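Computed from the coordinates by the stated procedures, all read-outs in this text should not be read as laboratory data. Remember, predicted model here, so these are calculated numbers, not experimental data. In this analysis, Cβ positions are derived from the backbone assuming ideal geometry, glycine residues included, and neighbour counts consider all displayed protein chains.
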Amino acid sequence: MINENFSNKKILVTGATSGIGLGISRMLNEYKAQLTISGRNQTKLNKISNEFELSNLNFNKGILADVCNLEDISNLVQEIDTLDGLVLNAGIIDYTPAKLITEKKVIDLFYTNVFSNFFLVQKLLHSKKIKKGASIVIISSIAAKVGVPGTSIYAASKGALNSYAKVLASELSLQNIRVNVVSPGVVKTDLIENTNVTSDFQMSNLSTKYPLGLGEIIDIVYLVQFLLSENSKWMTGSNIDIDGGYLLNN
């Protein structure tokens, strides 16, 4: 059975102010984790932090941090306690055909989705801020495994993140620190459902490729909950696809 009491666990969630990151944070707050959240939008961060403070006496704080800024990463590491859990969720999506790729797009996407995680984990380890026995969960994407047109930079960034996670799991296993990856298919978030990004027709057409339909944020939340709990204490180096059956036919 999933242990729904996280009150003895200190956990950091990056990219916590929207989408999957917010869903994960709300679950951890509900289960009374000693939670720290980070994001780069001050207004959203304040609103969510206030919400969490009212419902969870264990809530730690919200920290404004742009993960693409090394100084912000250093400040974030300084402000947090030693962690029992870390969810690396901050990231951006890009849809650009290969012939239209620019240097700026590559740098922006890789810095946000890949390099920021390299540097955050490096500084956490250097500062001894990750406890022995801790769980690190990295949010990736099935985009790294399929050839969806227009996703070359995004898919490559997630592929790099997957490789990093495998090596990190190997390095940290001696400290009994677990590292696992969650690779969702398309999940209905505000970004995906925004008509400026995806039309109703595109959403309908996309849904037909998922035998179980498009995912909900809660579907990802339950899996992350399991990976942060003691119920997954014998799992490390895993990359779990959660895609409503999309990969069955691709």
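Points worth noting:
- C-alpha center-to-center spacing [region 86-135, region 218-250] in angstrom: 20 Å
- Among 126-134, 138-146, the order from most to least packed when residues are scored by Cβ within 10 Å on average: 138-146, 126-134
- Cα-Cα over 25 Å, subset of 145/188; 47/188; 129/233; 129/166; 123/145; 9/61: 123/145
- C-alpha long axis of helix 19-30 to longest principal axis of the chain, angle in °: 30 degrees
- Taking chymotrypsin sites (Phe, Trp or Tyr not before Pro) across region 16-124, the ones in a DSSP loop with at most 16 further Cβ atoms lying within 10 angstrom of their Cβ are 95.
- As a rough guide to protection, the peptides 156-164, 6-14 ranked by mean Cβ packing within 10 Å, highest first, stand as 6-14, 156-164.
- Crossing angle, helix 116-126 versus the chain [Cα axis fit, 0-90 degrees, rounded to tens]: 20 degrees
- Take the Kirkwood radius over Cα pairs of region 1-160, plug it into Stokes-Einstein at 25 °C and 0.890 mPa s, and you get 150 µm²/s for translational diffusion.
- Here's how it looks for residue 33: its modeled amide H is under 5 Å from those of 6, which are all 5 or more places away or on a different chain.
- When only Cα pairs below 8 angstrom with a gap of at least 6 residues are kept, the chain shows a relative contact order of 19 percent.
- Cα long-axis angle, helix 217-228 against the chain (0 to 90 degrees, to the nearest 10): 40 degrees
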